[in-house]
Amino acid sequence: MAINLEAMRPQSWQGIDDIVIVGGGLAGLFCALKLAPRPVTVLAAAPIGQGASSAWAQGGIAAAMSPGDSFDKHLADTVAAGAGLVEEKVARLMISEGPDRIHDLLAYGVPFDRDLEGHLLLSREAAHSERRIVRVAGDKAGGAIMEALVAAVRRTPSIRVMEGYVVEELIAEGRFVSGVIARPDAGQSKKRVAFPARAVVLCSGGIGHLYQVTTNPAEARGTGLGMAARAGAVIADPEFVQYHPTAIDVGQDPAPLATEALRGDGATLVNRAGHRFMLDLHPDAELAPRDIVARGVFAEVVAGRGAFLDCTKAIGRDFATHFSTVYASCMAAGIDPVTQGIPVVPAVHYHMGGVAVDADGRTSLDGLWAAGEVTSSGVHGANRLASNSLLEAVVFAGRIADSIKGMLPESTLYEWPTSAGENDDLVTVEDSAELKRLRQLMSAHAGVIRDEEGLKVLIRELAALDRARSRVRFSNICAAAKLIAVGALLRTESRGAHMRADHPLPVESQRHRTYLTLKTADRIIADIAG
C-alpha cells in the first residue's frame, strides 16, 4: 500500500527523486549537497549527524595546504603508511582534490581553526611529515563539520531527509540495484518499506561494533557492507581493521578516544614503570604508523605493565582549553590529564576494507555507488594514514555526485514508498545475545594479532551463529564478520594493520589487494566448518 507523501513533503518539493542515499554521516550529507539542486532522499536510522562515526572524529581532515607542504609529500606519507597496498593514482586524485573540498566545507559554514591573520591552523599527526591536519577547537572537528553540514542540508529544499529509517536490504536484480528496503520508526515498526531508485548511494559507515572494544558508535555494525555483499558486490581488503592506539581505558562501550593530535603535540606513551616503550619499537616513537603504535600498546597491556598517555609535560594546564573533549572524558572517569597519565588501550577505529569502488565511487553492481568507511577505494592500503578518512569521505562523495549527474542526467519519478511486507525483527537498543557472542569472538580471534587456529575457530563459530539466527539484519552483520575472518585467513603474512602471529613478516608475493565475494567466502567457510 502506497503511503501518502503530501503531508510529509516540503512546500518547495517538486516531486520525488530517483536517488536514494543510505546514511546521514559526512559522506551521505556531502553527496546530497553536491547533488543539489537535483532532488535526492537521504535515509538515516537516527537523526542526521547522530550515530555517525564522522561526528566523533577528533583530529580533523588531512590536506596539503601549508607553504612547505605538497601533494607529493602527502602522497608519500599515505603510501608509506599503507604498507605497499595503496592505489597510488587514486590516492593522488584524492589528495589533489583535498584543498578544494576544504573550501567547500568552509562555504558550508565549518569553523576551522585560524590564526590571527585568518590563515588555517594546521596540526601534525602520526606518520605525517608536515603539519596538514585542518581541525576545529583542537579536538572537535568531526562534530563541528557535521553540525555545519546538517544545517546546510536542512536549508536545502532539494534534499528530502527521512530519519528513523533503518535500511536492511538492497533490492537487486542480477547485477542491477534498483532500490532499498527499510524499516521505519527507528526500526521499531513491523512494516517494511520499499524505496525504488535508479541510483543508490551507500554511505552506511564501518564495522567497529563487531568488536568488543571500539571507538565507533553502536550503529557501526557492518550492515551496509553485509547487505552489499549479500547482493553480490565485490568486497576488497576486508582483513585490514585499524585499531586506534589510544582509546581511553575506562570500560565504556564505545570507548572514548584520546586523539592522535595529543601525540602530535608532544604527549608520550609510558608503561606503569614510566618507561617510554615506543622508543624501543620505532624511530618515530609515538608518531609511528597506527598499527605499530597499537601493537606496542597492546603488548604492554597484555604483559600487565599497562599503557598510559602522558600529557603532563607537553600539554599540561592547557589541556582543558585545547582538547576539551578528551579532557571531559577523562574527568568524567576520575582522571585528571593535567597531572595524571591517561590509561589507554587499542580499540577498533577504522576499516580499510569494504565495498570495492572505483575512483568515481562506483561498485561492481550497476546502480550502486558507495562512499566513506563502508568502501575500499585503495587509498588507505593496509593501514590508513591519520585524518585521511574524512578527506576520503568528502572527495569521493563529491565525485559520486558528478558521476551520477553524468550517467543519469534526467530524473525519473517514482510513486514510493510502498509496502515491502511485515515481520517482527525489530531493532533493539541492547546487543542481542548472538551479537554479544560475535563481538567476543571477533575480538578474541580477529583482533590486533591473529593466527590460523584462532581464525578457523572464529569461522566455525560464525557459521553456527549465522545458521541459528536467520534474520536479515543479523545476516548482514554476520556477512561482514565472515568476510573479515576469511580475508584474514587467506592473507598468510603480516602487513599494515593485519598481524599474523604465525606469519609475522610481509611476503612479497602477497603484496596485492584482496577481492572477495560472499559466495566465495561462504564456500571457504563450508570447507572449514564442515
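The values are calculated or read from the model by the stated rules, or taken from the named source; none is laboratory data. Bear in mind that the values here come from a model prediction, so they are computed numbers and not experimental data. Ideal geometry is used to build each Cβ from the backbone, glycine not excepted, and the neighbour counts take in all protein chains shown.
Structure notes:
- Cβ-Cβ distances below 7 Å connect the following pairs, each with a first residue in the stretch 157-185 that is without any contact (Cβ under 8 Å) to a residue 40 or more places away in the chain, a second residue that is outside any strand (DSSP E or B) and surrounded by fewer than 23 Cβ atoms within 10 Å (Cβ to Cβ), and a separation of six or more residues or different chains: 184/164; 185/164.
- Any pair with Cβ under 6 angstrom, 6 or more apart, that starts in the stretch 308-326 at a residue that is in contact (Cβ under 8 Å) with a residue 40 or more places away in the chain and closer than 13 Å to residue 261 by Cα and ends at one that is of a type outside the set (Asp, Glu) and surrounded by fewer than 18 Cβ atoms within 10 Å (Cβ to Cβ): 314/266
- Some residue of the stretch 506-516 being at pLDDT below 95 and either surrounded by 12 or more Cβ atoms within 10 Å (Cβ to Cβ) or over 22 Å from residue 363 (Cα atoms) (or both): no
- Selected residue (criterion: farthest from residue 246 (Cα to Cα)) from residues of the stretch 111-136 that are out of contact with any strand residue (DSSP E or B) (no Cβ under 9 Å at 6 or more places or on another chain) and surrounded by 17 or more Cβ atoms within 10 Å (Cβ to Cβ): 136
- Test: residue in the stretch 64-73 that is assigned to a helix (DSSP H, G or I), at pLDDT 90 or above and not basic (Lys, Arg): yes
- Given (1) closer than 29 Å to residue 136 by Cβ; (2) in contact with a Pro (Cβ under 6 Å, 6 or more places away or on another chain); (3) surrounded by fewer than 24 Cβ atoms within 10 Å (Cβ to Cβ), index of the condition residue 264 fails: (2)
- Residue 337 over 22 Å from residue 483 (Cβ atoms), buried (at least 24 other Cβ atoms within 10 Å of the Cβ) and in the same structural domain as residue 271 (by TED's automatic domain parsing): yes
- Scanning the stretch 273-286 for residues that are closer than 12 Å to residue 310 by Cα and surrounded by fewer than 14 Cβ atoms within 10 Å (Cβ to Cβ) returns 274, 275, 276.
- Being touching a helix residue (DSSP H, G or I) at 6+ places or on another chain (Cβ under 7 Å), under 21 Å from residue 325 (Cα atoms) and small (Gly, Ala, Ser) is not true of residue 285.
- Boolean, residue 411 is in the same structural domain as residue 375 (by TED's automatic domain parsing), modelled with pLDDT of 90 or more and in contact with an Asp or Glu (Cβ under 6 Å, 6 or more places away or on another chain): no
- Count of residues meeting criterion [among the small types (Gly, Ala, Ser) and within 16 Å of residue 86 (Cα to Cα)] in the stretch 498-530: 1
Each row is one residue, and each column tells you yes or no for (1) within 30 Å of residue 297 (Cα to Cα); (2) surrounded by 14 or more Cβ atoms within 10 Å (Cβ to Cβ).
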{"site": "466", "(1), (2)": "no, yes"}
{"site": "471", "(1), (2)": "no, yes"}
{"site": "494", "(1), (2)": "yes, yes"}
{"site": "501", "(1), (2)": "yes, no"}
{"site": "504", "(1), (2)": "yes, no"}
{"site": "523", "(1), (2)": "no, no"}
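- Selection from the stretch 171-225 of residues that are surrounded by fewer than 20 Cβ atoms within 10 Å (Cβ to Cβ), touching a Ser or Thr at 6+ places or on another chain (Cβ under 8 Å) and not basic (Lys, Arg): 171, 194, 196, 212
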